[in-house]
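Engineer: Questions regarding the structure given below will be posed in turn.
The values are calculated or read from the model by the stated rules, or taken from the named source; none is laboratory data. From a predicted model like this one, the values you see are computed outputs, not experimental measurements. Methodologically, a virtual Cβ is constructed for each residue, glycine included, from the backbone with ideal geometry; neighbour enumeration extends over all protein chains shown.
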Amino acid sequence: MMLVRADERQMAQNPPPPEFMPAMDAFIGEMYRAGTLLDTGGLAPGAEAARLRLSNGRHRITDGPYTEAKEVIGGYAVVKASSRAEAIDLARRFMAVHELWPGCDVECEVREIMEAPSGPG
């Protein structure tokens, strides 16, 4: 899974140039056709989010926005890769599309999705 982090305030002040979305759409389409991209999406702003926390047996819900958080997860992609190196290469290509966006400051974290343990039987 690729988790994309960005500073929402910075992104709001620096919207993407017109050529960014067509280039991203082309890249996403290429990955879907290759069978590499299984799912992707952007996430609603942090102002619309809620965080649930369990600590010392107590549940707490905090509504966004989160003033203490500079960066938030703004999107994700679930990719099918045969190795860690291939997953990193896909993320590198994804990040390269962002070079079309002057002043864009994003981070992409690549994490393996672990298989859930099988149930009884």
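Engineer: Taking the condition of being more than 20 Å from A87 (Cβ to Cβ) and either polar (S, T, N, Q) or part of a helix (DSSP H, G or I) (or both), how many residues in segment 1-30 meet it?
Structural biologist: Within segment 1-30, residues that are more than 20 Å from A87 (Cβ to Cβ) and either polar (S, T, N, Q) or part of a helix (DSSP H, G or I) (or both) number 13.
Engineer: Condition first: touching a Ser or Thr at 6+ places or on another chain (Cβ under 8 Å) and either closer than 18 Å to V4 by Cα or in contact (Cβ under 8 Å) with a residue 12 or more places away in the chain (or both). Can you find one or more residues in segment 84-96 that meet it?
Structural biologist: Within segment 84-96, the first condition is being touching a Ser or Thr at 6+ places or on another chain (Cβ under 8 Å), and the residues that meet it are 90.
Applying the additional criterion that residues be either closer than 18 Å to V4 by Cα or in contact (Cβ under 8 Å) with a residue 12 or more places away in the chain (or both) yields 90.
Yes: one or more hits.
Engineer: Could you please let me know if A77 is within 17 Å of M1 (Cβ to Cβ) and among the small types (G, A, S)? Give the derivation first.
Structural biologist: On the way: within 17 Å of M1 (Cβ to Cβ): yes; among the small types (G, A, S): yes.
Spelling it out, A77 is indeed within 17 Å of M1 (Cβ to Cβ) and among the small types (G, A, S).
Engineer: Here's another thing I want to ask about it. Within segment 37-80, take every residue that is among the hydroxyl-bearing types (S, T, Y) and loosely packed, with under 11 Cβ neighbours inside 10 Å and give me the one that is farthest from D105 (Cα to Cα).
Structural biologist: First, the residues of segment 37-80 that are among the hydroxyl-bearing types (S, T, Y): 40, 55, 62, 66-67, 76.
This time we only want the ones that are loosely packed, with under 11 Cβ neighbours inside 10 Å, so: 55, 62, 67.
Numbers: S55: 33, T62: 26, T67: 19 Å.
Looking at residues that are among the hydroxyl-bearing types (S, T, Y) and loosely packed, with under 11 Cβ neighbours inside 10 Å, I get S55.
Engineer: If you don't mind, another one. I'd like the full set of residues that are out of contact with any Phe, Trp or Tyr (no Cβ under 8 Å at 6 or more places or on another chain) and not in a helix (DSSP H, G or I), limited to segment 40-56. Please lay out each step first, then the result.
Structural biologist: Taking segment 40-56 and keeping what is out of contact with any Phe, Trp or Tyr (no Cβ under 8 Å at 6 or more places or on another chain), we get 42, 44-45, 47-48, 50, 52-56.
Once the filter is applied, which keeps residues that are out of contact with any Phe, Trp or Tyr (no Cβ under 8 Å at 6 or more places or on another chain) and not in a helix (DSSP H, G or I), segment 40-56 yields G42, A44, P45, A50, L52, R53, L54, S55, N56.
Engineer: So, one more: Out of segment 35-60, which residues are touching a Gly at 6+ places or on another chain (Cβ under 9 Å) and basic (K, R)?
Structural biologist: If the condition is that a residue be touching a Gly at 6+ places or on another chain (Cβ under 9 Å) and basic (K, R), then R51 is the only one that fits.
Engineer: Suppose the filter is farther than 17 Å from E112 by Cβ and either basic (K, R) or in a strand (DSSP E or B) (or both); does H59 pass it? Outline the logic, then answer.
Structural biologist: Values: farther than 17 Å from E112 by Cβ: yes; either basic (K, R) or in a strand (DSSP E or B) (or both): yes.
Here the answer is yes, as H59 does meet what is asked.
Engineer: On to the next question. Of the conditions (1) assigned to a strand (DSSP E or B); (2) of a type outside the set (D, E, K, R); (3) at pLDDT below 95, V78 fails just one. Which one is it?
Structural biologist: Every listed condition holds for V78 apart from (3).
Engineer: Could you tell me which of the residues S83, S55 is polar (S, T, N, Q) and closer than 28 Å to G29 by Cβ? Break it down into steps so the answer makes sense when it comes.
Structural biologist: Details: S55 fails: closer than 28 Å to G29 by Cβ.
After ruling out the rest, the residue left standing is S83.
Engineer: A further question follows. If a residue must be surrounded by fewer than 10 Cβ atoms within 10 Å (Cβ to Cβ) and assigned to a helix (DSSP H, G or I), how many such residues does segment 81-121 contain?
Structural biologist: 1
Engineer: Let me ask something else about it. Give the residues of segment 1-41 that are in contact with an Asp or Glu (Cβ under 9 Å, 6 or more places away or on another chain) and without any contact (Cβ under 8 Å) to a residue 60 or more places away in the chain, sorted by residue number.
Structural biologist: Of everything in segment 1-41, those that are in contact with an Asp or Glu (Cβ under 9 Å, 6 or more places away or on another chain) and without any contact (Cβ under 8 Å) to a residue 60 or more places away in the chain turn out to be T36, L37.
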